[in-house]
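Q: Sharing a structure below in structure tokens format, with a few things to ask.
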Amino acid sequence: MPSTFLFAQLAQSEQVGWLSRKLLGVTLTSAEWVLWLLVVLSVLSIALMLERAVYFSTHRLADSEALAVKLARGEFEAVRSAIQGKKGMEAAVIREALASSAQGADTVEQVIASTVARERPQYERYLSFLGTLGNNAPFIGLFGTVLGIIKAFHDLGTASVKGAAIQETVMAGISEALVATAVGLAVAIPAVVAFNVFNRQLKTLTSRTTSLGHALVGSLRAQRPAGTPGEGR
């Protein structure tokens with residue numbers, strides 16, 4: 001009986017091509033490295049989420065609506081003192097726009113656009129990693145599941161036992177393989193949620209910054225003398 005099983009295995013191996021045997025040898029290795037990869041990516045994503053949360057909370061103005069009202073009223077000195085030492089896109093736009101206010105509203109508009117374009121990438125940093133991880137972590141987990149299932153069926157084909165023992169071997173291998181898919185989803189879902197939340201916060205912050213810029217430009221145009229060219233009359 002053992003000799004018959006051995007001959008069957010040799011005949012089966014001869015039917016498989018060289019490339020297939022090499023690839024099968026690679027895929028029959030343990031899929032545990034996929035789980036470790038997902039764990040490392042999960043830890044890294046959590047660290048980036050915390051870093052971005054701290055950055056967004058410390059680089060914003062809590063009273064931007066009140067500052068917009070003051071800018072519209074022309075209270076530039078009060079606004080300048082209010083943003084003293086503040087960080088973030090809103091504070092940078094107001095600070096540089098006020099510094100160039102003497103050059104006219106058109107110049108201030110260009111300064112505002114330039115400052116927003118410079119500051120925005122600081123908020124977008126690491127967001128692409130979270131988005132990519134959220135989109136691809138399930139596929140990494142699925143890859144580990146496929147490797148586990150391949151190994152389970154290979155063990156089934158080479159097993160010399162019969163009956164319930166074979167079922168236990170296959171079911172145990174498949175259940176372990178499905179863990180990789182579950183871990184991949186567990187890594188992807190928080191990353192996608194964080195990516196969407198931070199993108200939404202960035203859009204809100206950009207809108208508030210634009211509102212501050214419009215308030216300042218509107219105030220400068222209103223202060224322009226009636227006879228100044230380019231007033232739009």
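The values are calculated or read from the model by the stated rules, or taken from the named source; none is laboratory data. Bear in mind that the values here come from a model prediction, so they are computed numbers and not experimental data. Virtual Cβ from ideal backbone geometry, glycine too; neighbours counted across all protein chains shown. Just so you know, the surface numbers come from the protein's heavy atoms only, side chains and all, with ligands and any DNA or RNA stripped out. Shrake-Rupley method; radii C 1.70, N 1.55, O 1.52, S 1.80 Å.
Q: What is the packing order of peptides 109-121, 184-196, taking the mean over residues of other C-beta atoms within 10 Å and listing the highest first? Kindly include the intermediate steps, with their values, before the conclusion.
A: Details: 109-121: 15.3, 184-196: 18.9.
Top of the packing list down: 184-196, 109-121.
Q: Kirkwood hydrodynamic radius, region 30-82, all distinct C-alpha pairs: what's the number in Å?
A: Numbers: mean 1/r = 0.0685 Å⁻¹.
Averaging 1/r across every pair of different Cα atoms and inverting gives 14.6 Å.
Q: Right, another one. Give the residue from Phe76, Val193, Phe139 lying farthest towards the positive end of the charge dipole for region 29-223; charges sit on Cβ (+1 for Lys and Arg, -1 for Asp and Glu) and the dipole is referred to the Cα centre.
A: Phe76
Q: Subtract the Cα-Cα distance of Leu178 and Gln122 from 0.36 nm times their separation in residues, and report this length gain in nm to one decimal. Can you show the working numbers first?
A: Numbers: separation 56, 0.36 × 56 = 20.16 nm, distance 3.86 nm.
Extending this stretch completely gives an extra 16.3 nm.
Q: What does a probe at Glu51 reach in region 106-132, counting residues whose amide N is under 18 Å from the point 7 Å along Cα→Cβ?
A: 120-132
Q: Per residue of region 177-186, what does 6.51 cos²θ - 1.76 cosθ + 1.60 with θ = phi - 60° give for ³J(HN,Hα)? Whole Hz please, x for Gly and Pro, Karplus curve as stated.
A: Values per residue, Gly and Pro as x: 5, 5, 4, 4, 5, 4, 5, x, 5, 5 Hz.
Q: Continuing with the same structure: If you line up the Cα atoms of region 29-223 on their principal axes, what length do they span on each, largest first, in Å?
A: If we take the Cα atoms of region 29-223, the spans are 92, 24, 19 Å.
Q: Restricting to lysine pairs 8 or more places apart or on different chains, what number in region 29-223 have Cα atoms under 27 Å apart? Before the final figure, lay out each step's value.
A: Values: Lys70/Lys86; Lys70/Lys87; Lys70/Lys203; Lys86/Lys203; Lys87/Lys203; Lys151/Lys162.
Qualifying lysine pairs in region 29-223: 6.
Q: On to the next question. Averaged per residue, what accessible surface does region 29-223 expose to a 1.4 Å probe, in Å²? Write down the numbers at each step before the final one.
A: Numbers: 10550 Å² over 195 residues.
Ligands and nucleic acids excluded, the result is 54 Å² per residue.
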